[in-house]
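Peer 1: I'd like to ask you about the structure that follows.
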Amino acid sequence: MSDKVGFINMAGEKATGEAPEIGVGMLGYAFMGKAHTNAFKKLPYMIYPPPAIPKLIAIAGRNEEAVREAAKRYGYEGYYTDWKEMLKDDRIQLFDNGGPNDAHAEPCIAAAQAGKHVLCEKPLARSAKEAAAMLEAVQKAGVVHMVAHNYRFVPALRLARDLIASGKLGEIYHFRAVYLQEWIMDPDFPYVWRLDKKISGSGTLGDLGSHIIDLARFLVGEPRKVSGMAKTFIKQRPIPGGGTGEVSVDDAFMAMLEFESGALGTLEASRFCAGRKNHQVIEINGSKGSLVYNLERFNELDVFWKDDEPRETQGFRNVLVSESYHPFWKNWWPQGHMIGWEHTFVHEMAHLFDAIVNKNPIAPFGADFEDGYKNAVICDAILASAEKEKTVAIQY
């Protein structure tokens, strides 16, 4: 008998009503490993009731000391120094691939063949050919597959999509997006894997451009043709320990798109923009109004309605996207109590686990491997256009 007056034991209720557990095995443990794990841990008590409870089984990485420390820090039950061995672990139902781009295809294909659901960081692959093989593998295996395009799960951007889909913006004329950072500007910044085409596939295009390409498709639809330019500003970088490495990827790119709907679009991304930390700005112009979103002002959406009255005070209005009726907000705080970048991953993981447990589709609200493949096709077309100095048709 408990000596705590009024104490109610929840063990019985948990045994009968708790969501199923899904074992997670993760490849990679750095930036995205931290972001994904943070989301796995928040999901069960913030997205309530959760569709499933992530069980952190193992992390895989080549550096034993580092991966052991990551497993300890993040709370995984153990670690592997070989992802192939991790995929033999029957406790793992979901393979989460946050490794470098050259470690996307083979492990994801092997995971699918082992019957495990697959989450892969963007860009899905280094080329459309590689992405097509990954798509074929997950479709053949019949597993749930998702690309971690987390900006689809920004409340303000989901609201923008809802407004466009409802027809309130009218006919869409323009989509323009920029994604600007500064972190690689210093000529003494060392040669890292992101600067090696064999590992990364592309530079800023795959790193930042894949995000805004995905948002273009998510918000406006499929592009029909593209004209692109790409530039490498610093062609040699120092290698830690001595020597230099040749930069074989783009430092910046620009592209013009024509969508199947007839809308026109522009894309620009660079890691050479002094003062820009994570400056992603999206603008969509339609026959009835315009929408503008700035990622660094995460919870805000600027909206203009052409027929607002009175005309004397007509202009853009700033909407604070934090009401309980806004996308995703029912799980968070009272209005005006802000969320941020990390929470996109919580929404994303909830969507993924719902698809696994309840057999709901990943698309159209999440990005599946077909979306990842189409993204890769567009990336390849932009680079081909830049090389050939001509417009290239998008062909899936």
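The values are calculated or read from the model by the stated rules, or taken from the named source; none is laboratory data. What you see is a predicted model, and the numbers here were worked out from it, not measured in a lab. No Cβ is skipped: glycine too gets one built from the backbone with ideal geometry, and neighbour counts run over all protein chains shown.
Peer 1: With (1) crowded, with 22+ Cβ neighbours inside 10 Å; (2) in contact with a Phe, Trp or Tyr (Cβ under 7 Å, 6 or more places away or on another chain) as the list, and I378 as the residue in question, which single condition is left unmet?
Peer 2: Condition (2) is where I378 drops out.
Peer 1: Keeping to region 339-396, report how many residues are in a helix (DSSP H, G or I) and β-branched (V, I, T).
Peer 2: Step one: of region 339-396, the residues in a helix (DSSP H, G or I) are 342-358, 369-388.
Pick out the ones that are also β-branched (V, I, T) and you get 344, 346, 356-357, 377-378, 382.
Adding up the residues that qualify gives 7.
Peer 1: Now a separate question. Residues to consider are V319, V281, V292; find the one that is in a strand (DSSP E or B), among the aliphatic types (A, V, I, L, M), within 19 Å of the chain's Cα centre (by Cα) and not assigned by TED's automatic domain parsing to the domain that holds P44. Working first, answer last.
Peer 2: Values: V319 fails: within 19 Å of the chain's Cα centre (by Cα); V292 fails: within 19 Å of the chain's Cα centre (by Cα).
Step by step, each of V319, V281, V292 is checked, and only V281 is in a strand (DSSP E or B), among the aliphatic types (A, V, I, L, M), within 19 Å of the chain's Cα centre (by Cα) and not assigned by TED's automatic domain parsing to the domain that holds P44.
Peer 1: Same structure, new question: Select, from E69, E77, E18, E13, the only residue that is at pLDDT below 95 and either surrounded by 13 or more Cβ atoms within 10 Å (Cβ to Cβ) or touching a strand residue (DSSP E or B) at 6+ places or on another chain (Cβ under 9 Å) (or both).
Peer 2: E18
Peer 1: With a cut-off of at least 3 residues that are over 18 Å from D380 (Cβ atoms) and not acidic (D, E), name the strands (runs of 3 or more DSSP E) lying wholly within region 170-275. Outline the logic, then answer.
Peer 2: On the way: elements: 172-180, 223-231, 236-238, 244-246, 252-259, 264-270.
Per the criteria, 172-180, 236-238, 264-270.
Peer 1: Okay, moving on. For region 159-182, indicate whether the set of residues that are modelled with pLDDT of 95 or more, assigned by TED's automatic domain parsing to the domain that holds V292, of a type outside the set (S, T, Y) and over 30 Å from H326 (Cα atoms) is non-empty. Step through it out loud before you land on a result.
Peer 2: Residues of region 159-182 that are modelled with pLDDT of 95 or more, as a first pass: 159-182.
Keeping just the survivors that are assigned by TED's automatic domain parsing to the domain that holds V292 gives 159-182.
Imposing the further condition that a residue be of a type outside the set (S, T, Y) reduces the set to 159-165, 167-172, 174-178, 180-182.
Within this subset, residues satisfying the condition of being over 30 Å from H326 (Cα atoms) are 182.
Yes, that holds for at least one residue.
Peer 1: Now, a different point. Looking at M349, is it surrounded by 21 or more Cβ atoms within 10 Å (Cβ to Cβ) and either within 30 Å of L320 (Cβ to Cβ) or not assigned by TED's automatic domain parsing to the domain that holds L301 (or both)? Spell out the reasoning first.
Peer 2: Working: surrounded by 21 or more Cβ atoms within 10 Å (Cβ to Cβ): yes; either within 30 Å of L320 (Cβ to Cβ) or not assigned by TED's automatic domain parsing to the domain that holds L301 (or both): yes.
Yes.
Peer 1: Related question: Among the listed residues V138, V144, which satisfies the condition of being in contact (Cβ under 8 Å) with a residue 60 or more places away in the chain, in contact with a Phe, Trp or Tyr (Cβ under 8 Å, 6 or more places away or on another chain) and not aromatic (F, W, Y)? Break it down into steps so the answer makes sense when it comes.
Peer 2: Numbers: V144 fails: in contact with a Phe, Trp or Tyr (Cβ under 8 Å, 6 or more places away or on another chain).
Within the list V138, V144, the selection yields V138.
Peer 1: Specify the residue that is surrounded by the most Cβ atoms within 10 Å (Cβ to Cβ); the eligible residues are those in region 309-342 that are β-branched (V, I, T) and more than 19 Å from K42 (Cβ to Cβ). Step through it out loud before you land on a result.
Peer 2: Taking region 309-342 and keeping what is β-branched (V, I, T), we get 313, 319, 321, 339.
Still in the running and more than 19 Å from K42 (Cβ to Cβ): 313, 319, 321.
Working: T313: 7, V319: 16, V321: 23.
Among residues in region 309-342 that are β-branched (V, I, T) and more than 19 Å from K42 (Cβ to Cβ), the one surrounded by the most Cβ atoms within 10 Å (Cβ to Cβ) is V321.
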